[in-house]
Amino acid sequence: MSALVKLDQLTKHFDLGRGQRVHAVDGISLEIKRGETLGLVGESGSGKSSLGKTLMGLHDKTSGNVIYDGEELPRHYRAADFQRMASRMQMIFQDPYSSLNPRMTVGEIISEGLRGKPLSKAQKQQAVGEWLEKVGLNAAHASRYPHEFSGGQRQRIGIARALIMSPEFVVCDEPISALDVSVQAQVVNLLNDLKTSMGLTMLFIAHDLSMVRYISDRMAVMYLGALVELGNARDVYFQPRHPYTEVLIASNPEPDPVTERERASTTIQGEIPSPVNVPAGCRFAGRCPKVMPVCREQTPALLPLVDEDRLVACHLYSQ
Ligand code: SF4
């Protein structure tokens with residue numbers, strides 16, 4: 001599979017003034033292959049959402065590049081750039097409550113992206129009705145307002161709004177974390193079905209690793225703005241190599257209550273450090289159960305493991 005999206009040393013820092021900067025995304029390079037789902041995981045504050053938004057042009061890039069289908073995307077997006085890319089890249093947001101305009105009907109919300117397309121009003125209404133059915137709602141829902149729907153239904157409306165544009169690439173930014181556990185699997189299954197039927201390429205950002213493992217082909221693990229592990233999703237989940245991935249998976253609750261009761265659960269020790277004061281050497285050294293003297297002095301590079309289709313940034317493997 002060829003790469004549809006390439007990140008080349010992508011960096012996003014937020015300037016706080018007085019020489020202080022939040023290192024949200026710190027020189028990340030990776031490829032998202034055409035037709036694959038890449039899962040992106042990490043604790044809150046690891047920079048996952050900032051990476052998704054910088055990739056989409058919602059944040060200006062501090063440095064580095066996003067190369068989309070061979071084209072280098074602008075550092076600073078203008079309105080024309082958003083318009084041009086909207087039919088190719090779309091984003092599904094975390095919070096289905098705040099991402100839908102309460103004053104617009106569902107039909108107006110979903111058809112917003114079709115504005116400017118050479119379609120009659122009747123054709124747009126038909127497209128909205130078809131998309132409402134595709135996401136498991138009803139064409140008659142087009143005349144209602146967002147507050148009349150449950151959280152899961154609102155996320156389905158958000159999915160219809162993004163996919164009516166027929167994009168080839170979608171960033172799903174924590175699309176299930178604001179939903180009841182009972183509807184999370186339904187929304188993930190819907191996304192998976194649409195991905196298959198539309199041949200989408202997806203970046204699926206979440207902190208529920210079991211859900212990411214289920215939906216993703218490959219999994220990338222972020223810690224404090226940097227990538228620490230990348231590989232086949234099942235391999236990373238069942239045989240993590242980086243100490244951070246190990247503890248992240250061990251601390252992730254299993255959806256099956258029986259498995260959850262039986263497994264030896266652990267919690268990650270300590271707090272993720274401030275992205276304003278990024279530690280020298282390995283960023284995980286202050287919390288790592290396997291820390292060595294070298295870890296506090298040298299930053300480990302993200303390197304391929306011998307005989308494995310896996311990249312890991314850890315001195316345990318670079319000795
Ligand atoms: Fe732990 Fe050292 Fe590996 Fe960092 S480089 S994860 S501190 S062993």
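Can you tell me the relative contact order of the chain? Whole percent, Cα pairs under 8 Å, sequence separation 6 or more. Before the final figure, lay out the partial values.
Numbers: 614 pairs, mean separation 62.3, N = 319.
About 20 percent, as a whole number.
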- Note on the structure: Least to most buried among HIS242, HIS315, by other C-beta atoms within 10 Å and fewest first, runs HIS315, HIS242
- Query: If you build a Gaussian network model of the chain, linking Cα atoms that sit under 10 Å apart, which residue out of MET219, MET198, MET292 swings the most?
  - Reply: MET292
- Message: Which one, ARG18, ARG218, ARG34, has the greatest fluctuation when you compute a Gaussian network model over the chain with C-alpha springs under 10 angstrom?
- Response: ARG18
- With each run of n ≥ 4 DSSP H residues scored as -39500 (n - 2.57), what mean residue ellipticity at 222 nm is computed for the chain after dividing by its residue count and rounding to the nearest 500 deg cm²/dmol? -8500 deg cm²/dmol
- Item | Sequence ranges 173-179, 48-54, ranked by mean other-Cβ count within 10 angstrom, highest first | 48-54, 173-179
- Item | Pair LEU316, ARG296: separation of 7 Å Cα→Cβ label points (nm) | 2.0 nm
- Looking at the square roots a ≥ b ≥ c of the eigenvalues of the Cα gyration tensor of region 103-166, which shape do they give, rounded for a/c under 1.5, prolate if a/b is larger than b/c, or oblate? prolate
- Note on the structure: Taking a crude spin-label model, label points 7 Å out from Cα along the C-beta direction, the ASN277 to ALA79 distance in nm is 4.4 nm
- Within region 62-98, list the chymotrypsin sites (Phe, Trp or Tyr not before Pro) lying in a DSSP loop whose Cβ has at most 15 other Cβ atoms in a 10 Å radius. TYR97
- Message: At most 14 other C-beta atoms within 10 Å and a DSSP loop state: those are the exposed GluC sites (Glu not before Pro) I care about. Give me the longest piece of the chain that has none.
- Response: 1-270
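Can you give me the Kirkwood hydrodynamic radius for the chain, using every pair of distinct Cα atoms, in Å to one decimal?
The Cα-based Kirkwood calculation yields 20.7 Å.
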- Task: Might you report the magnitude of the Cβ-based charge dipole of region 103-166 about its Cα centre, with Lys and Arg at +1 and Asp and Glu at -1, to the nearest 20 debye?
- Result: 140 debye
- Item | Gain upon complete extension [ASP60, LEU114; 0.36 nm per residue less C-alpha separation] | 16.9 nm
- Task: Among LEU16, LEU305, GLY39, pick out the residue whose Cα is farthest towards the positive end of the charge dipole of the chain, where Lys and Arg carry +1 and Asp and Glu carry -1 on C-beta, about the Cα centre.
- Result: LEU16
- Message: Which cysteines in the chain lack any other cysteine whose Cβ sits under 4.7 Å from their own Cβ?
- Response: CYS172, CYS288, CYS314
- Message: Beyond a 18 Å Cα-Cα separation, which of these cross-linked pairs lie in this structure: LYS33/LYS195; LYS134/LYS195; LYS61/LYS117; LYS12/LYS53?
- Response: LYS61/LYS117
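Bear in mind these aren't lab numbers, they're just calculated from the coordinates by the rules spelled out. Worth saying up front: this structure is predicted, and the values here are computed from it rather than measured. Neighbour counts are summed over all protein chains in view; Cβ atoms, including those assigned to glycine, are modelled from backbone coordinates with ideal geometry.
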